[in-house]
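J.: Before anything else, here's the structure in question.
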Amino acid sequence: MSDQKENTGYLEGQLLLAMPAMGDPRFERAVIFICAHSEDGAMGLVINRPTDQISFPDLLTQLAIEVKQPRTDVLVHAGGPVETTRGFVLHTADYVQDSSLVVSDSIVLTATVDILKAIAQNKGPRHSLLALGYAGWGPGQLDAEIQANGWLSLKADEDLVFEAPPAAKWDMAMGRLGVDVSLLSSDVGHA
């Protein structure tokens, strides 16, 4: 299944890495997991921006999800500037609901209250990343940004998505591409 998606030129299941010349402070050093990409546009989650705006236990309270001892180790990420009150859970494929979007062989996206309950009770997927909001692009927009050298892409893997510390993900991903970030300049086009 993933080989077929890779051959289409679309970036589902890939990571986007913001280039220093991006120019949009909302995406400075962003690492975005692309959940959907087609001729109609693209959607992804920023996976390296934990937010201190709300904690997981507070989110559960706001959603009226009652759990006796909710986990306190779950980070809530700022997933992007679109629909910032809508929650998404990117997770391993060992937990799939009917409403889940299977993005790759190992990574799935679910946006239901049930998965939050399961995570709170330690009955959810092996690894997960909770995000509020998402990054979205209209038809052809992401492709144009890539052509303008705004983004690099890299095949996603569980370790980088779920295990790496959020603050280290951009540097680690650039390193996997063999890019020396000290040589990257935000002054593209200037000699």
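J.: Could you calculate the FRET efficiency of N122 with K155 from 1/(1 + (r/R0)^6), where r is the beta carbon distance between them and R0 is 25 Å, rounded to 0.05?
T.: Numbers: r = 30 Å, r/R0 = 1.18.
My answer for the efficiency is 0.25.
J.: Now for a different question. Limiting things to C-alpha atoms, what are the Rg and the maximum Cα-Cα separation (Dmax) for the chain, in angstroms?
T.: 16.8, 61
J.: Tell me which trypsin sites (Lys or Arg not before Pro) from segment 122-162 have a DSSP coil assignment and no more than 12 other beta carbons within 10 Å of their own. Show your work: numbers first, answer last.
T.: Working: sites: K123, R126, K155; in loops: K123, R126.
Of the trypsin sites (Lys or Arg not before Pro), the ones in loops of segment 122-162 whose Cβ has at most 12 other Cβ atoms within 10 Å are K123, R126.
J.: Let me ask something additional. Under 5 Å between amide H atoms, partner at least 5 residues away or on a different chain: which partners does G79 have, H built in plane at 1.01 Å?
T.: Answer set, sorted by chain and number: L132, G133.
J.: What spacing in nm lies between the two simple spin-label points modelled at E28 and D73, each 7 Å away from Cα in the Cβ direction?
T.: Roughly 3.2 nm, to one decimal.
J.: Select from L130, A118, L11 the residue farthest towards the positive end of the dipole of the chain; place +1 on Cβ of Lys and Arg, -1 on Cβ of Asp and Glu, and compute about the Cα centre.
T.: Farthest towards the positive pole: A118.
J.: Report, in deg cm²/dmol and to the nearest 500, the calculated mean residue ellipticity at 222 nm for the chain, where each DSSP H run with n ≥ 4 adds -39500 (n - 2.57) and the sum is divided by the residue count. Present the calculation step by step, with values, prior to reporting the outcome.
T.: Details: 5 runs with 35 residues, N = 191.
Only helices count here, giving -4500 deg cm²/dmol.
J.: Run the quick spin-label model on Q62 and S38: label points 7 Å from Cα toward the beta carbon, then report their separation in nm to one decimal.
T.: 3.0 nm
J.: Then there's this: Which order do the peptides 133-142, 63-72, 108-117 come out in when sorted by mean C-beta neighbours inside 10 angstrom, highest first?
T.: Working: 133-142: 17.2, 63-72: 11.8, 108-117: 19.3.
Put in order of decreasing packing, that is 108-117, 133-142, 63-72.
J.: Could you work out how far apart the two model spin labels at V82 and M172 are, taking each label as a point 7 Å from the Cα in the direction of the beta carbon, and quote it in nm?
T.: Between V82 and M172, the label points sit 2.7 nm apart.
J.: OK, next. Under the Karplus relation 6.51 cos²θ - 1.76 cosθ + 1.60, θ = phi - 60°, what is the ordered set of whole-Hz ³J(HN,Hα) values for segment 158-166, x standing for Gly and Pro?
T.: Here the 3J(HN,Hα) series is 4, 4, 5, 5, 9, 9, 5, x, x Hz.
Values quoted throughout were computed directly from the atomic coordinates according to the rules given, and no laboratory measurement underlies them. Since we're looking at a predicted model, the values are computed, not measured. Every residue, glycine among them, receives a Cβ derived from its backbone with ideal geometry; neighbour counts consider all protein chains shown.
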